[in-house]
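Quick notes on the structure that follows.
Laboratory data are not the source of any read-out in this text; all were calculated from the coordinates shown. Keep in mind that what you see is a predicted model, and the values were worked out from it rather than measured. Cβ: placed from backbone, ideal geometry, glycine included. Neighbour counts: every protein chain shown.
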Amino acid sequence: STDDGQVGDWSQYMDLVVVGYGRSSRASVNGGIGMQFNSDTASNYPIQWFWGDGASAAASTASYTYAAFGDWPAASVTDANTFGSSVAHLFDINSGKHKSVINRSCGDRSGGGYVELNASTWKSQAAITEIDFIDTSGADFKAGSRIDLFGVLPRMVA
């Protein structure tokens, strides 16, 4: 909610910024965190992925059932205090066009660091009124994980 008496009214915002810090309960190192908008679980989210771990780098593209929010460490990472971080910028959330998302993420994958840059599109012209965060493997988020949402107001001029 917006915490200003307008519970759930995002219509005043131009963009949203999402900051996350977390860890997954999945057993496999590979997986990811995704965002689904307005309960849309269809393959309406084309994504371009760019990632590196200091020794190698890769890029790919595909359509998914979620927009990318990064890759947080799995329960199989030996240090229980290892968390990943993600920052996503959702652009022009109330427009009548497809929505764009840029996400930056970093963390630890079994003792080796990695970074990601993801660009996603939600192929819908609807305003974003709901965001569901999922572990793409179906796992849960571990205790201590958190996601904070910030609204960006339009520029005010005199």
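Data table
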quantity	calculated
Radius 12 Å from Cβ of residue 103, net charge of other residues (Lys, Arg +1; Asp, Glu -1)	-1
Dipole in debye (nearest 20) - the range 96-148, about Cα centre, beta carbon charges: Lys, Arg +1; Asp, Glu -1	240 debye
The chain - percent relative contact order, Cα under 8 Å, separation 6 or more	35 percent
Per-pair calculated FRET efficiency, R0 = 25 Å: residue 38 and residue 75 via Cβ, rounded to 0.05	0.25
Total charge dipole magnitude, the chain, about the Cα centre, Cβ charges on Lys, Arg, Asp, Glu only, Debye to nearest 20	300 debye
Integer Hz, Karplus 6.51/-1.76/1.60 couplings in order for the range 81-98, x for Gly and Pro	9, 8, 10, x, 9, 9, 9, 10, 10, 9, 9, 6, 5, 10, 7, x, 10, 4
The range 82-117 residues near the modelled residue 11 label - backbone nitrogen below 18 Å, point 7 Å along Cα→Cβ	92-97
In nm, spacing of pseudo-spin labels at residue 50 and residue 130 (7 Å Cα→C-beta vector)	3.4 nm
Pair residue 123, residue 82: separation of 7 Å Cα→Cβ label points (nm)	3.6 nm
Calculated FRET value between residue 139 and residue 57, using beta carbons and R₀ = 25 Å, to 0.05	0.45
Formal net charge of residues neighbouring residue 122 (Cβ-Cβ distance under 9 Å; K, R +1; D, E -1)	+1
The range 48-158 shape via C-alpha gyration tensor axes, a/c threshold 1.5	prolate
Note, ³J(HN,Hα) from phi for the range 140-148, Karplus 6.51, -1.76, 1.60, rounded to Hz, x at Gly and Pro	9, 8, 6, 4, x, 6, 8, 9, 10
Residue list for the range 51-74, given a label point 7 angstrom along the Cα-to-Cβ vector of residue 98 and an amide N cut-off under 18 Å	60-69
Under Karplus coefficients 6.51, -1.76 and 1.60, residue-wise ³J(HN,Hα) of the range 38-45 in Hz, glycine/proline x	6, 6, 7, 10, 7, 7, 10, 10
